[in-house]
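This report concerns only the one structure given below.
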Amino acid sequence: MVNRLPSISNKHKICIICEGNEEYKYLERLKNLHVWNDIYDISLVNAEGNGNIPARYQDRYQNGSYEVVLVFCDTEKKPYEQYEDIKHKINEFHGIDNAADEVVIFANPCTLQIVAKHWTDELIKSPAKPVNAPLIEKYTGVKGYKGRADQIEQVMAIITSDNYKAMRDRVQGMNPDDHLNGASNFAKIVNRFEADDIQWICEINEKLGD
């Protein structure tokens, strides 16, 4: 019998803590489309609720298996209490006032703001599913969107490498101020994960004091 040594990957290991099912399934879909640079080994964690994000973040960060740990979440609507609490706990964990600004990828008010960019420039103005259902149906054909598992799968199936390019172009122009409706810094993920320059990882770790 031939002894086999375990394979050692030289890819850069990234972990993203996803707020819930929509965030997890969306990033999973983009991973499966292979639209990002192959130098990254991206692991996704479903926090199953924004209240669980800080603990999941701390756990994966302290695990030491990743070069960087990021968070992908909604801001919800004003006054952004839960979102601000996530940022506060990440800052507190690192002992740095603006640590969260380095690692949190957000969509205001919700992740559908990014998903919709695959087809339209229309803004999502509310995190409420009933409010957004007509827009989702208009561009995906999925009726009565409520964020059910089967509906999420239907929407993700319509995301392609072609309309990814449309989303990529649209998010570049989005305002990165997390307190503005229609804002997002998702362009960070797009620009970083498509490129082969890993300097951004070093810069984040330097700012976090690692």
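The values are calculated or read from the model by the stated rules, or taken from the named source; none is laboratory data. Fair warning: this is a prediction, and the values are worked out from it, not measured in the lab. Virtual Cβ from ideal backbone geometry, glycine too; neighbours counted across all protein chains shown. Calculation scope for accessible area: heavy atoms of the full protein, side chains included, ligands and nucleic acids excluded. Shrake-Rupley method; radii C 1.70, N 1.55, O 1.52, S 1.80 Å.
Structure summary
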| item | result |
| --- | --- |
| Share of alpha-carbon pairs per 10 Å distance bin for the range 101-161, given as whole % | 22, 56, 19, 3 |
| Heavy atoms of Cys202 accessible to a 1.4 Å probe, total area in Å² rounded to 10 | 60 |
| MRE, 222 nm, helices only [DSSP H, n ≥ 4, -39500 (n - 2.57), over the chain, to nearest 500] | -13000 deg cm²/dmol |
| Long-range amide H partners of Gly20 with built H, under 5 Å | Ala47, Glu48, Gly49 |
| Choice from Tyr61, Tyr24, Tyr83 showing the highest fluctuation, given a GNM over the chain with Cα pairs closer than 10 Å | Tyr61 |
| ³J(HN,Hα), Karplus 6.51/-1.76/1.60, whole Hz, each residue of the range 52-68, x for Gly, Pro | 8, 4, x, 5, 5, 4, 4, 4, 5, 5, 6, 4, x, 8, 10, 6, 7 |
| For the chain, convex hull of alpha carbons as volume per residue, Å³ | 142 |
| DSSP bridge orientation in the chain - percent antiparallel, rounded to nearest 5 | 5 |
| Other-chain or far-sequence residues with amide H under 5 Å of His12's (modelled H) | Tyr40, Asp41 |
| Efficiency of FRET from Cβ geometry, Glu206 and Lys125, R₀ 45 Å, rounded to 0.05 | 0.75 |
| Portion, in percent, of the accessible area of the chain that falls on carbon or sulfur, probe 1.4 Å | 46 |
| Solvent exposure of the chain as accessible area per residue, Å², 1.4 Å probe | 51 |
| Long-range amide H partners of Leu70 with built H, under 5 Å | Cys15, Ile16, Ile17 |
